[in-house]
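Working notes, structure below.
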Amino acid sequence: MALLSDVHGNLPAFEAVLEDISEAGVDARWCLGDLVGYGAQPDECVALAAEVCELCLTGNHDLVVLGRIDVNTFSPAAAEAATWTRENINDDSIAYLAALPSEDLDHEIGLYHASPRDPVWEYVLSAVQAEAGMDAMTGRVGAVGHSHVALWFRRSGEGELVSGDTAPDGTELDLSEGDWIVNPGGVGQPRDGDPRAAWLLLELDSWRATWRRVEYPVEEAARAIEAAGLPVMLAERLYVGQ
Ligand code: ZN
């Protein structure tokens, strides 16, 4: 199956990832949240997710747009994009997002937008955060989004230290033993220096995980952001993957 996260209203990136997923012969798509916010095509992205994703979570940006989190918790550019999204999103998109959870524990792996101990807000970027997350997980393998950084953390056995690293394009790992937290990276606003859209191929029968990156027309997403009158830095950061 395919894990993807943080689409953030970036339709060209989402379409490129979905095409790559299809070409890889994968037919299950699980989305870890933040379909909207930052990007200028929220309705298109929500409609596409509703059509092709077997399950989807809500992230902090979705929850701000739904009015469940105060927009003042955001940085100025994120707040401006969230406010624009609230004013422009359609009722169908709101209804779809409103029905989603921020974690889903009913599958072979635990699914959380942000982290196992705080599915909405906590970034998992350090071994200390990953260890706390593993202790909070019910199962052995958890998937998170939120940081927009493709990475993995592993704990081999009882009392072992947690190790981890970023997961550039083509990283392949065997998750069949130990505790793991994996992040597919961001579809619509990667922040690990690689501007290509990210997703994670996870073969649940063999526990093989392969991190993938896909080129997409960044200028189309950037132009949409500029045409919407959103902060220019939200367009510029897409070119550098930050
Ligand atoms: Zn996000």
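Results, tabulated for the structure shown:
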| read-out | value |
| --- | --- |
| Neighbour cut-off at most 13 other Cβ (10 Å), DSSP loop, GluC sites (Glu not before Pro), segment 138-242 | Glu158, Glu160, Glu177, Glu215 |
| Environment charge of Ser115, counting only residues whose C-beta is closer than 13 Å and scoring Lys/Arg +1, Asp/Glu -1 | -4 |
| For the chain, built as a Gaussian network whose Cα springs stay under 10 Å, the top-fluctuating residue of Asn88, Asn72, Asn183 | Asn72 |
| Most mobile of Asp179, Asp106, Asp169 in a GNM of the chain (Cα contacts under 10 Å) | Asp106 |
| Exposure proxy order (Cβ contacts within 10 Å, fewest to most) of His113, His107, His146 | His107, His146, His113 |
| Per-residue [θ]222 nm for the chain (sum of -39500 (n - 2.57) over DSSP H runs n ≥ 4, rounded to 500) | -9500 deg cm²/dmol |
| Neighbour-limited loop hits for GluC sites (Glu not before Pro), segment 66-116 (at most 16 other Cβ within 10 Å; DSSP other than H, G, I, E, B) | Glu108 |
| 14 Å beta-carbon shell around Glu226, net charge (K/R +1, D/E -1) | -2 |
| Farthest toward positive dipole pole in segment 2-239 [+1 Lys/Arg, -1 Asp/Glu at C-beta], among Ala28, Phe14, Gly133 | Gly133 |
| Antiparallel DSSP beta bridges within segment 2-239, as percent of all bridges there, nearest 5 | 70 |
| Cα lying deepest toward the dipole's positive end in segment 1-155, options Leu3, Ala98, Tyr112, charges on Cβ | Tyr112 |
| Cβ charges +1 (Lys, Arg) and -1 (Asp, Glu), total dipole of segment 1-129, debye | 420 |
| Environment charge of Asn90, counting only residues whose C-beta is closer than 12 Å and scoring Lys/Arg +1, Asp/Glu -1 | -4 |
| Most mobile listed residue (Leu200, Leu173, Leu35) in the chain, GNM with C-alpha springs under 10 Å | Leu173 |
| Equivalent ellipsoid semi-axes - Cα gyration tensor, segment 131-242, angstrom | 32, 14, 10 |
| Principal axes of the chain: Cα extent on each, largest first, Å | 51, 36, 30 |
| Charge dipole (debye, nearest 20) of segment 2-239; +1 at Cβ of Lys and Arg, -1 at Cβ of Asp and Glu | 480 |
| Loop-located GluC sites (Glu not before Pro) in segment 1-64, at most 16 other Cβ atoms within 10 Å (DSSP) | Glu54 |
| Two-site label geometry, Ser126 and Leu105: point separation in nm, points 7 Å out along Cα→Cβ | 2.6 |
| Length-normalised contact order of the chain in % [C-alpha pairs under 8 Å, at least 6 apart] | 23 |
| Alpha-carbon centroid distance for the pair segment 118-165 / segment 171-197, whole angstrom | 12 |
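Since every read-out is calculated from the coordinates, none of them should be taken as a lab result. If you're wondering where the values come from, they're calculated on a predicted model, not measured in any experiment. FYI the Cβ positions are ideal-geometry reconstructions off the backbone, even for glycines, and counts take in every protein chain you see.
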